[in-house]
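Below is one structure, written out as structure tokens; the observations come after it.
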Amino acid sequence: MSGTYTVAVAGATGAVGREMLNILEERNFPASKIIALASSRSAGMKLPFKGAELTVAELREDSFQCVDLALFSAGGGTSEKFAPHAVKCGCVVVDNSSAWRMDDRCPLVVPEVNAHALAGHRGIIANPNCSTIQMVLALHPLRKAAPIRRVVVSTYQAVSGTGQKAVEELDRQIRRMFNMEEPEVSVYPHRIAFNCLPHIDVFLENGYTKEEMKMTKETVKIMEDPKIRVTATTVRVPVFYGHSEAVNVEFERPLSVAAARAALDKAEGVVVLDDPARKIYPMPIDAAGKDEVFVGRIRQDESCDNALNLWVVGDNIRKGAALNAVQIAECLVRDGLTRIADKGTFLR
Ligand code: A2P
């Protein structure tokens, strides 16, 4: 490898971790060495990288000596425990879990929207929730055209967002049902095959799920606008890859469909697919494997002044997780932000 940086991927055997490795390879990230980390269960496992193999090592507190950048996607508990130790070793962490997202010390970044928030980071940068990332990519160009007052979003989220086990469970359930056998239910509280579950992450006291409140709070933090009100209903659907969202956006002043389309057309990372007469609109089967977020069905909300409806689809594993994390790492390298002033911040 020809780069400068030693890069670790924590959770390298998981759905997002594997995609992080693919994307580091595809984008030719300037790495001199890649270290694949996972639980002790996977130690010794081989993962393909640039025509060779990486041997997975167990993630430990001392895994980060001499590591410059670590991409974490090994669950919230693992990030909470290990990321502070990585920072202590001088390693900058980009964390895909929800553990650090609302911590004031940690920037929450979608590079196309708020790359500037990386300046002054203290060692941990949080990668937002997958559904939030694709939604703010669509909201950001619109709010430049007209300030946003309120967002009402319903999601249709793929099982890969839960991890590899859920991909396997949907696949197994479909096969069993086609063979007239009783499907096993283990990852979700109910069968996901041929079903929809209005339940992602745990229920909170206010009746929302934690996933729904992530969309509310993270949107405000990323867009740096406490005035934007967001209400979400998040739903798991039997799709393998690609989250879809029906998004209703109310603005402070009128925004025409043509002006919204023009703003989205120009936006980095967004592709408008909106020609209903030709049956062209975004769908998860087309978005899977792509880097961009796709927006279609752009229309006036006829029930509300100054509001538009959109349909937003993105690959939850790529832009919703692994790609966004690698793009953050690229910004850190580009802007010379790979050093940490106070390595003890998260251990105090
Ligand atoms: P492993 O494969 O060894 O269990 P997914 O989100 O697809 O389920 O993947 C989760 C990732 O997080 C996997 O790479 C998994 O490793 C890793 N992981 C889970 N728990 C731990 C842990 N306690 N320590 C290190 N890695 C972990």
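The values are calculated or read from the model by the stated rules, or taken from the named source; none is laboratory data. These numbers were taken from a predicted model, which means no experiment stands behind them. Positions of Cβ are backbone-derived with ideal geometry, glycine not excepted, and every protein chain shown enters the neighbour counts. Ligands, DNA and RNA are excluded from the accessible area calculation, which covers all protein heavy atoms including side chains. Shrake-Rupley method; radii C 1.70, N 1.55, O 1.52, S 1.80 Å.
Some notes on this structure:
- Residues Phe240 and Asn179, FRET efficiency given R0 of 22 Å [Cβ-Cβ distance, rounded to 0.05]: 0.70
- Length gained when the stretch Asn306-Leu204 is fully extended (0.36 nm per residue, less Cα-Cα span): 33.6 nm
- Column: log10 I(q)/I(0), Debye, Cα scatterers of the chain, q = 0.07, 0.11, 0.13 Å⁻¹: -0.29, -0.73, -1.01
- Quarter of Cα convex hull surface for region 132-316, i.e. mean projection, nm²: 11.7 nm²
- Taking only alpha carbon atoms, region 181-257 gives an Rg to Rh ratio of 1.07, where Rh is the Kirkwood radius.
- Farthest toward positive dipole pole in region 196-292 [+1 Lys/Arg, -1 Asp/Glu at C-beta], among Gly289, Ala267, Leu255: Leu255
- Sequence-separation-based contact order of the chain, relative, with Cα cut under 8 Å and 6+ spacing, percent: 19 percent
- Mean residue ellipticity (222 nm) of the chain, computed from DSSP H runs ≥ 4 via -39,500 (n - 2.57), nearest 500: -8500 deg cm²/dmol
- The chain, accessible surface, carbon-and-sulfur percent (1.4 angstrom probe): 49 percent
- Given charges at Cβ of Lys, Arg, Asp, Glu: the chain dipole, positive-most of Gln173, Ile280, Leu47: Leu47
- Between region 257-284 and region 31-82, the C-alpha centres lie 38 angstrom from each other.
- Sites Glu53 and Asp342 - FRET efficiency at Förster radius 41 Å, r taken between beta-carbons, to 0.05: 0.65
- Mean Cβ neighbour count within 10 Å, used as a protection proxy, ranking 174-180, 282-288, 130-136 highest first: 130-136, 282-288, 174-180
- The chain - charge dipole about Cα centre, Lys and Arg +1 at Cβ, Asp and Glu -1, debye rounded to 20: 320 debye
- A 1.4 Å probe run over the protein chains yields, for the chain, 44 Å² of accessible area per residue, whole-number rounding.
- Full-stretch length increase - Lys266, Met102 - with 0.36 nm per residue and alpha-carbon distance subtracted: 56.0 nm
- Electrostatic dipole magnitude of region 132-316 [Cβ: Lys, Arg +1; Asp, Glu -1; Cα centre; debye, to 20]: 300 debye
- Positive-end residue, the chain charge dipole about Cα centroid, Cβ charges, pick of Thr231, Val333, Ile34: Val333
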